[in-house]
Amino acid sequence: MSRVVLVHGIAQQHKGPQTLLADWYPAMADGVTLARAELPRQDVAMAFYGDLFRPTGHRGLGEPDLDASDIEEGLEQDLLLAWWEAAAQAESQVPGPDAAARIRTPHLVQRALDALSHSAFFAGLGERLLISDARQVRRYFSEPDLRAAIRSRLLDELTHRTEVIVAHSLGTVVAYEALCAHPELPDLTLITLGSPLAVRGLVLDRLVPAPHDGRARWPVPVKRWTNLADRGDVVALAKQLAPVFGARVTDVLVHNGAKAHDVRPYLTARETGQAISAALRRPMGGN
């Protein structure tokens, strides 16, 4: 029964809860140590849902053989284009879309994929993996049964001892929606890393519950919320959540280096460690 529950993002389908925890925990322990605190591993659990995206058996090795023609119009295409534009703004080596290329042509997705291959942010990701990542986001928002199953994985890890949820990337959406759906849960601290929650058009407008007049509902169990973002994080396109989710959100900018969206530099940041340790120092149910 863990005091801290972690929630991962996309592209974890070939891992497992213990594999991810072994990767995340040392980084988080370093951040907490910088905040002059300690967090035993037995107090931490991983809410894992990556296997729900794992393809069933298919011919060939590795990921399914996807190319630009497999990108669906709508959210998948819009995500790739948004990542392209953000990467071009942040990295001089990434060629950006010119005004004429903004027209949605059959070649635009391929141009986006080719441009992203020059990005340090997306270093090591081939074309198939980029498409797979965009597809996981689209599936979360478009497949109700999958969405519910993913949220259940988080809820299954929460106990009366849980005080902090630390969520990364798409995991911040999972955590937000699960907490909104269960106002009866005990008081919690929410820490979001590299969150796309406030990205209008792509994420914010697809949330459940839906925003009203551009403002999102506050998740009732959350008594403290710290959101951390790197200026160069092209997934967290909207760096601040407070303008949308309310002034009770504490927005903090951190510097993660070249891998701006990687969870590990987020976790090793002193600011993350301070947010975790501050929550754990408070009495259960404290304000």
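For the reader, a short list of remarks on this structure follows.
- Check on Leu146, assigned to a helix (DSSP H, G or I) and farther than 27 Å from Ala260 by Cα: yes
- Test: residue in the stretch 207-218 that is in contact with a strand residue (DSSP E or B) (Cβ under 8 Å, 6 or more places away or on another chain) and not polar (S, T, N, Q): no
- Ile165, sole failed condition from (1) over 16 Å from Ser2 (Cβ atoms); (2) in contact with a strand residue (DSSP E or B) (Cβ under 8 Å, 6 or more places away or on another chain): (1)
Taken together, the values in this text are just the output of simple stated rules run on the coordinates, not laboratory data. Please read all numbers here as calculations on a predicted model, not as lab measurements. No Cβ is skipped: glycine too gets one built from the backbone with ideal geometry, and neighbour counts run over all protein chains shown.
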